[in-house]
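Participant: Below is one structure. I have some questions about it.
The values are calculated or read from the model by the stated rules, or taken from the named source; none is laboratory data. Here the structure is a predicted model, which is why all the values come from computation and not from measurement. In this analysis, Cβ positions are derived from the backbone assuming ideal geometry, glycine residues included, and neighbour counts consider all displayed protein chains. What goes into the accessible areas is simple: the full protein's heavy atoms, side chains included, and nothing from ligands, DNA or RNA. Shrake-Rupley method; radii C 1.70, N 1.55, O 1.52, S 1.80 Å.
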Amino acid sequence: MSPADPFDLPHDAPYGVHNLPYGVFSTPADPTRRRLGVRYGDHVLDAGAAARATGAPTDLADLLAAPSLGPLLAAGRPAWTTVRAALTSWLTAPEHRAAVAPCLLPLTDTVPHLPFEVADYVDFYASEHHASNVGRIFRPGADALPPNWKHLPIGYHGRAGTVVVSGTDVVRPCGQRREPGEQEPSYGPSVRLDIEAEVGFVVGTPSARGERVALADADDHVFGLCLLNDWSARDIQAWEYVPLGPMLGKSFATSVSAWVTPLDALRYARTDPPPRDPAPLPYLDDRAAPVPYGLDLALEVRLNGHVVARPPFAGMYWTYAQMLAHLTVNGASLRTGDLFGSGTVSGPVRETRGALIELSWNGAEPLRLPDGTERAFLEDGDEVAISATAPGPDGARLALAEVRGRVRPARP
């Protein structure tokens, strides 16, 4: 086979058959038609076209013919398993190659779109290292963690309408802020614009209002994950967040990657979560079987092409199963397309911190980039890219699609 053959991928390819993330795309030749795609190497499989070409059953073909991930998300885990098995067969079985080959499009010939309609968006605060650092910055002299932090996954509800796909520019937000030493607030563009390197979890199967999702049932509801950048205006946030929490400092933009990696691709990334002290309340206690798991994901944050941090997701104090259990413990219903973020992923040392407020210690210790420039917070024109890998079979590393965004000046 020719090296250009799209089927000819090495076993350890980052976007090989063990990965198969889902997205939505169009083409320049047909810009208004959105199609469900699957990333495979440097190509995108037109999933609906492949289903038709291989004579797939009608129910499966209908799911893949949709212009978004919504119908597949809502179909539930048995359908997710069936579709993944079919995709794997279409891309690996020799008898399908002639039919499937025309359905593989070069990635460079496609335009990515937001892969699902975001129903609700919740952002958590699940890294003890991040929460401790921010506590020391915002509340010097007080306890770094609030009294509730090790008893529940703290979170806030964000705006689903401002979740955007990777590659979308982010306009510098305006709002009120009060600088240290000032008596009154002022209005204007944020001067402490930041990023938060996170992992986002996409809900497929909904739940009824009044029901609770137990830890052991999380994987029946969570379809997969993506990388997430919860852009943050720290000066606006610091002024507004007492007593009710973030609002304008967070709501202007949240970027997600264009490809959603299914949970089924990450079974080799499962890892034990860190020990918890004190023991969580029973609905959050994951010490009993079956044991929900953490995920060993290695994130990388680049600012204008320079690596500034490598946050480790394996050390997150709260798992996605615990976040989901807490999110629904009061009977709040899940909807297909719900998105919940992990909160900033940070590790124990400076080079593993996933936000500039930590990396520069709120501006007191600016980063010096390899090109000689310094950054405390983001400047207009800066581009941030967050990528990640996860363990795969036989030593392979699977790629999670990056989330990228560039800062544009505030609008007058």
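Participant: What percent do you get for the relative contact order of the chain when only Cα pairs under 8 Å and 6+ apart count?
Facilitator: On the way: 975 pairs, mean separation 87.6, N = 412.
Reported relative contact order: 21 percent.
Participant: Follow-up question, since we're still on this one. For the range 312-320, in order, what is each residue's ³J(HN,Hα) by Karplus, 6.51 cos²θ - 1.76 cosθ + 1.60 with θ = phi - 60°, in whole Hz (x at glycine and Pro)?
Facilitator: Those phi angles translate into x, 7, 4, x, 4, 5, 9, 8, 5 Hz.
Participant: Which of the listed residues, 330, 319, 410, is farthest toward the dipole's positive end in the range 310-412, when Lys, Arg count +1 and Asp, Glu count -1 at the beta-carbon?
Facilitator: 330
Participant: Output ³J(HN,Hα) for the range 202-213: one whole-Hz value per residue in order, computed from phi by the Karplus curve 6.51 cos²θ - 1.76 cosθ + 1.60 with θ = phi - 60°, and x for Gly and Pro.
Facilitator: 9, 8, x, 6, x, 10, 7, 4, x, 8, 10, 9
Participant: Another question about this same structure. Per Stokes-Einstein, at 37 °C and 0.692 mPa s, what whole-number D in µm² s⁻¹ belongs to the range 296-402, with the Kirkwood radius over Cα pairs as the hydrodynamic radius? Each step should come with its number before you reach the end.
Facilitator: Working: Rh = 15.9 Å.
The calculation lands on 207 µm²/s.
Participant: Something else now. Mind checking which of 54, 22, 157 is farthest towards the positive end of the chain's charge dipole, using Cβ charges of +1 (Lys, Arg) and -1 (Asp, Glu) about the Cα centre?
Facilitator: 157
Participant: Moving on to the next point. Work from the charge dipole of the chain (Cβ charges, +1 for Lys and Arg, -1 for Asp and Glu, about the Cα centre) and give the residue of 78, 31, 352 farthest towards its positive end.
Facilitator: 31
Participant: Would you grab the residues whose amide H sits under 5 Å from the one on residue 195? Only those 5+ places off in sequence or on another chain, please, with H modelled 1.01 Å from N.
Facilitator: 232, 356, 357
Participant: Could the peptides 191-199, 368-376, 243-251 be put in order, highest first, of the mean number of other beta-carbon atoms found within 10 Å of their residues?
Facilitator: For the peptides 191-199, 368-376, 243-251, the packing ranking is 191-199, 243-251, 368-376.
Participant: Here is a further query. Report in % the part of the accessible area of the chain that belongs to carbon and sulfur, leaving out ligands and nucleic acids; probe 1.4 Å. All intermediate terms of the calculation are to be shown ahead of the outcome.
Facilitator: Working: 9340 of 17370 Å².
Roughly 54 percent, rounded to a whole number.
Participant: Would you kindly derive the ³J(HN,Hα) couplings of the range 12-24 from the backbone phi angles with the Karplus curve 6.51 cos²θ - 1.76 cosθ + 1.60 (θ = phi - 60°), listing them in order in whole Hz, with x for Gly and Pro?
Facilitator: Per-residue couplings from phi come out as 9, 4, x, 10, x, 5, 7, 9, 6, x, 9, x, 10 Hz.
Participant: Next question, about the same structure. Please give the charge dipole size of the range 72-172, origin at the Cα centre, charges +1 on K and R Cβ atoms and -1 on D and E Cβ atoms. Round to the nearest 20 debye. If you can, show how the numbers build up before the last one.
Facilitator: Working: 8 positive and 8 negative charges, 45 e Å.
Rounded to the nearest 20 debye, it is 220 debye.
Participant: Based on the Cβ-Cβ distance of residue 162 and residue 394, what FRET efficiency does E = 1/(1 + (r/R0)^6) give at R0 = 51 Å, to the nearest 0.05? Show your work: numbers first, answer last.
Facilitator: Numbers: r = 41 Å, r/R0 = 0.80.
With R0 = 51 Å, the Cβ-Cβ based efficiency is 0.80.
Participant: Please list 353-359, 93-99, 404-410 highest first by mean number of surrounding beta-carbon atoms within 10 Å per residue.
Facilitator: 353-359, 404-410, 93-99
Participant: Now a separate question. Roughly what angle does helix 77-92 make with the longest principal axis of the chain, taking Cα atoms, 0 to 90 degrees, to the nearest 10?
Facilitator: The angle comes out near 60 degrees.
Participant: Taking only DSSP H segments of four or more residues, each worth -39500 (n - 2.57), what value at 222 nm results for the chain once the sum is divided by all its residues, to the nearest 500 deg cm²/dmol? Kindly include the intermediate steps, with their values, before the conclusion.
Facilitator: Working: 10 runs with 75 residues, N = 412.
After summing the helix terms and dividing by residue count, I get -4500 deg cm²/dmol.
Participant: Another question, if that's okay. What is the packing order of peptides 389-397, 290-298, 34-42, taking the mean over residues of other C-beta atoms within 10 Å and listing the highest first?
Facilitator: Result, highest mean Cβ count within 10 Å first: 34-42, 290-298, 389-397.
Participant: Separate question: Write down the accessible area per residue of the chain in Å², having rolled a 1.4 Å probe over the full set of protein chains. Don't skip to the answer; put the middle values down first.
Facilitator: Details: 17370 Å² over 412 residues.
Each residue of the chain exposes 42 Å² on average to a 1.4 Å probe.
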